[in-house]
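To keep things clear, I will list the structure first and then write my remarks on it.
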Amino acid sequence: MKNSDNNINDNINLDVLKRLNYIYRSTISADKTLDYSKKINQLINLYKSKNISTDDNEPWSEKTTLLITYADNVKNGLYGKTISDFISFYNKFFSSFIDSIHFLPFFPSSGDGGFSVKNHEAIDPAFGTWDEIKTLSKNANLMTDLVLNHASSEGKWFKNFLLNKNPGKDYFFTINNNYDYSNVIRPEDIAETIFWISTRPKNININRIEIMAGDQAFNPFNIVKKD
């Protein structure tokens, strides 16, 4: 996959900078936007350095055939393990012409069709195990929804946020009652602190840049931290 000239500079990716300016120009300063674009580009370059590929072995192309599925779409009887059953089903009927599989969230969740994730590091035991995912990956390209834009209020990240602990203490976007959110859909009041929620109550939106920055977190969104 070839890069444009905008992507050659190790410090500034003009494509990223342009998009950050468009989205956040009324929220953060130009200097901070420039700094964030550099950090994003560092992550891009780090990924590229660890994933060197040529046009001959690109994982995706116009020839890719993709199957999208929930982890429990295929289940053999009442007590089957769904990922294991899916592997048998895929190998028997689809492996000869479908080379890539997209799993919708298979993590432990509190609802929202699996998108209200409680633990991003585990597979729901009702679905199966990481070993089964590794087995399937030997014969097919795999991808899944990481769901990094929101998380369950019953999960570790949000519970840590309430306790001001890591990981999670800076992961969620909060405001106070002086902030004009009249045009925002689904603000949620929890313990007198207002959070952005997602498609269902108690599925709390995540401060995305905070997650991306990790240990060297930078936080343009949190207007008021919870006491």
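The values are calculated or read from the model by the stated rules, or taken from the named source; none is laboratory data. All values reported here derive from a predicted model rather than from experimental measurement. All Cβ positions, glycine included, derive from the backbone under ideal geometry; neighbour counts span all protein chains shown.
The sole residue among Ile209, Ile223, Ile194 that is over 30 Å from Phe89 (Cβ atoms), outside any strand (DSSP E or B), touching a strand residue (DSSP E or B) at 6+ places or on another chain (Cβ under 9 Å) and modelled with pLDDT under 70 is Ile223. Taking residues in segment 91-104 that are free of Cβ contacts under 8 Å to residues at least 40 places away in the same chain, and partners anywhere that are surrounded by fewer than 15 Cβ atoms within 10 Å (Cβ to Cβ), the pairs with Cβ atoms closer than 8 Å and at least 6 places apart or on different chains are Phe97/Thr65. Of the residues in segment 82-96, at least one is over 21 Å from Gly128 (Cα atoms) and either at pLDDT below 90 or more than 23 Å from the chain's Cα centre (by Cα) (or both). Leu148 passes every criterion in (1) over 14 Å from the mean Cα position of the chain (by Cα); (2) at pLDDT 50 or above; (3) of a type in the set (A, V, I, L, M, F, W, C); (4) surrounded by fewer than 17 Cβ atoms within 10 Å (Cβ to Cβ) apart from (1). In segment 97-106, the residue that is modelled with the highest pLDDT out of those that are crowded, with 16+ Cβ neighbours inside 10 Å and more than 22 Å from Lys118 (Cβ to Cβ) is Ile101.
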